[in-house]
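Right, one structure below, let's go through it.
The values are calculated or read from the model by the stated rules, or taken from the named source; none is laboratory data. Note that the coordinates shown come from a computational prediction; the quantities given were computed from them, not determined experimentally. Cβ sites come from the backbone with ideal geometry, for glycine too, and all protein chains shown count toward neighbours.
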Amino acid sequence: MQGSLDHSYQLLTSYFAKVRLVDLDLVFDIQTTSYKDKKFTRYFWGFDVPKKMYKLLRPVVVTDKTFLKGKYIRTLLLTLVIDPNNHIFPLALLIVD
């Protein structure tokens, strides 16, 4: 892995702004401590499921978490559903304290 964790977190906003150019329904929100220092505090991003897919998804939503270690100790939360072909589809991801 190249670069620093600080630099990687700073790139999140520009990365997801570029992803939104391809997926207009992507929702993301980055919270920082202040406008000046932009110290990362938490992050949310979610994927839009086409309305016709909602009827086909299994009625089970799975939420899981894992702990991120290193300089930034955070928790990654995932929300997933299963589509008709038994594929896992991510609904939302969240990084929190």
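Descriptive notes on the structure:
- Residue within segment 67-84 that is exposed (fewer than 10 other Cβ atoms within 10 Å of the Cβ) and outside any loop (DSSP other than H, G, I, E, B) present: yes
- Figure legend. Inter-residue proximity from segment 59-82: first residues free of Cβ contacts under 8 Å to residues at least 24 places away in the same chain and among the aromatic types (Phe, Trp, Tyr), second residues surrounded by 12 or more Cβ atoms within 10 Å (Cβ to Cβ) and part of a strand (DSSP E or B), beta-carbon distance below 6 Å, spacing 6+ or different chains. Indicated pairs: 67/75.
- Qualifying positions in segment 26-59 - at pLDDT 75 or above and acidic (Asp, Glu): 29
- Residue 62 meets all of the listed conditions (1) at pLDDT 70 or above; (2) in a helix (DSSP H, G or I) but one, namely (2).
- Qualifying residue in segment 5-22 (condition: at pLDDT 75 or above, of a type in the set (D, E, K, R) and not in a loop (DSSP other than H, G, I, E, B)): yes
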